[in-house]
Structure formats: structure tokens, C-alpha cells
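Let me begin by presenting the structure, written as C-alpha cells, before commenting on it.
The values are calculated or read from the model by the stated rules, or taken from the named source; none is laboratory data. The shown structure was predicted, so the numbers you read here are calculated from the model rather than taken from an experiment. Virtual Cβ from ideal backbone geometry, glycine too; neighbours counted across all protein chains shown.
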Amino acid sequence: MSRTASPASHLPPPASEPVRIGVSACLLGEEVRFDRGHKRSSFVADQLGRYFELCSVCPEMAIGLGVPREPIRLQGEPDAPRVVGVKSADLDVTEPLHAYGRRMAAELGPISGYVFKSKSPSCGLFRVKVYDVNGVSVGQGRGAYAQALTQALPLLPVEEEGRLNDPVLRENFIGRVYAYRRWQALLESGVTAKRLVDFHTAHKLALMAHHPGKTRALGRFVADLNGRPTEAVVADYGARFMEVLGHRATRKRHTDVLFHLMGYLKRVLASDDKQELVGLIHDYRQGLVPLIVPVTLLRHHFRRHPDPYIEQQLYLNWQPAGLSLWNAI
């Protein structure tokens, strides 16, 4: 029996391996916190470290705050807080942290994702407490370094270590990292209309699991290309592509994609094979089995019955098996 080709083999390969992601240094066990401690994350350091090149960064150390050091906090208006010392009113490191964020956006090179330390006044992405001058919490903001870096790299997939304990958020983040690296590779190879169409085709089913409506709109956008895409068109596609992937894939949408895939097998599967596949997809829809179960059976059937269109798709094969991302959703 013939074998399927490598998924989406027509896409340009990444220019360098492994995929690089930025990581707050304390999450890797480096003793860089204000109290000489660390916040090592075994998932980030050990599991992600097997598949990604982890680029360690501690902005507070980088701007000259040694260890041990006075703790800092966000203070002032939640929309534009300052980063000041908890004890020393004259310690204000807001601008150095902003400047370092902009600098690292350029100097880290082709990173494809970033894992920040939660709750940090420099690195926290979400719901970092903002205080008034009396130490009373008045709202929530974003760490100064994280704010500057994400503004400079708006398409970069970012996440906090704590949120990676959620299987859905973990799968979403890592999926976006790999997708963004493929987008970077396409930009590095030079974007033509055909390459952009091929890129979109390879990701179509993966995108459908995140937001069908926006995926269809993005497909119409690609279909309307005339000649060589301009820089503005390419940038617009990239922003919309990453926006779609930013939506959480749901069990219902994955189910729709699984049945769509099954449609390419309906003429070649025996009735008992069809029944088995339908049953597993319904089991997944009801939360009785994880996504990897129907996906594994679909991979088996497509190995036996290759389809040229499905061979172009990344949906069934985008992630390293060792991360077991679809075993928990």
C-alpha cells in the first residue's frame, strides 16, 4: 500500500532548528529573583526544553538591579503604571524596562514565542496588580518589559507559565508557536502569491478548528490576490492568520474538522470502519476520549488511503508526539 507524503511538504522548511522561544530566566531555575530565589517550571525547563531552544532573559538583572534587591511593583494608573521600589520612592525603573523590552525585541533574533513569569511587575502579561502610593491595590496591568516587547512584536505568541497548566491554553500556545515559525520561514523564503496560497491551504483545517468564520474570510482574502503580493498585503495576512489562531479551538469545532476529514474517506472505508470512526468522533465530542484517539484512527486510514488534499494539510501532524498535547483535550 502506498504511503502518504510528508504533511505540507511544499512549505518552505524553517531556516534554523530548533524553534527558539524567549523565557523568563527564573522559570529555568536561575536564581535571579529579588530574594536570590527562582520559580523553576518543570514543564517549561524540561518538557519545552526538549523541543525548543530556550532563550533565557531576566530584564531586572539586565538593567542593573542585582540580587538581592529591593522588590518593585506597578504603581499609579492601571493603564500606564510606573515600576517603582516598594520601599524607595525614588527608585523608578519604568523607562529602563521599556527600553530593554524594545531592545530585546530586536536582539533576540527570530524567536517564535515567549513564556513570561506571571504576576511580575516586569514580565507579567495578565492581571499584574497595580498599587497606589499607599500600597493599596487599585487595578491590574501588564509588566513593563512584557508590555514593550509585545508592542514591538505584536504577532509573537506569548503566554505565562501558570496558564500553561491549562491543557487547552498549552495546546493553543504551542500550536501558535509552530505556526508562527512556519510564517517566519515563509517570509524568509520570499512570499509569492502561490506560496501564500499554499501556506493558507496547509493551515486551513487547523484554522477552522479555531474560528470557521474568520477562516473563510481569510480564504476569500487569499483568493482575491492578483499577481505578487505587496508588503502591506503580506503583513495583513500575517496579522489575520495569527488572530485566528489566537481564538481557542473548541471541542465542537474540532469535531466539525474531524467529520470534514472523514468525508475524504467515505468512498474507501468499509461500513464497520466508518461506524468505528463515527463512534470515536462522537465520543470525543462528548468528552469521553481525548482528541488524540480519533486523530490517530484518521492518521491510520489516511496512511492506507492517501488523499492529495489531505497530504497538504498540517492538522493531523503539526505537533511533536512527545508533548502529548492532544492527550489532554
Tell me, which residue of the range 163-221 that is part of a loop (DSSP other than H, G, I, E, B) and within 19 Å of the chain's Cα centre (by Cα) is surrounded by the fewest Cβ atoms within 10 Å (Cβ to Cβ)? Asp166
Out of all the residues in the range 98-121, is one or more over 28 Å from Gly238 (Cβ atoms) and not in a loop (DSSP other than H, G, I, E, B)? no
Lone qualifier among Asp272, Asp224, Asp256 - being loosely packed, with under 15 Cβ neighbours inside 10 Å and modelled with pLDDT of 95 or more: Asp272
Name the single residue, out of those in the range 61-109 being acidic (Asp, Glu) and in contact with a Lys or Arg (Cβ under 8 Å, 6 or more places away or on another chain), that is surrounded by the most Cβ atoms within 10 Å (Cβ to Cβ). Asp92
Test for Leu48: is it crowded, with 17+ Cβ neighbours inside 10 Å, out of contact with any His (no Cβ under 8 Å at 6 or more places or on another chain), farther than 29 Å from Gln319 by Cβ and outside the structural domain of Leu325 (by TED's automatic domain parsing): no
From (1) touching a Leu at 6+ places or on another chain (Cβ under 9 Å); (2) closer than 16 Å to Val158 by Cβ, pick out the condition that doesn't hold for Phe126. (1)
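So, Val32, is that one β-branched (Val, Ile, Thr), farther than 20 Å from Thr150 by Cβ and either touching a Ser or Thr at 6+ places or on another chain (Cβ under 8 Å) or surrounded by 15 or more Cβ atoms within 10 Å (Cβ to Cβ) (or both) or not?
yes
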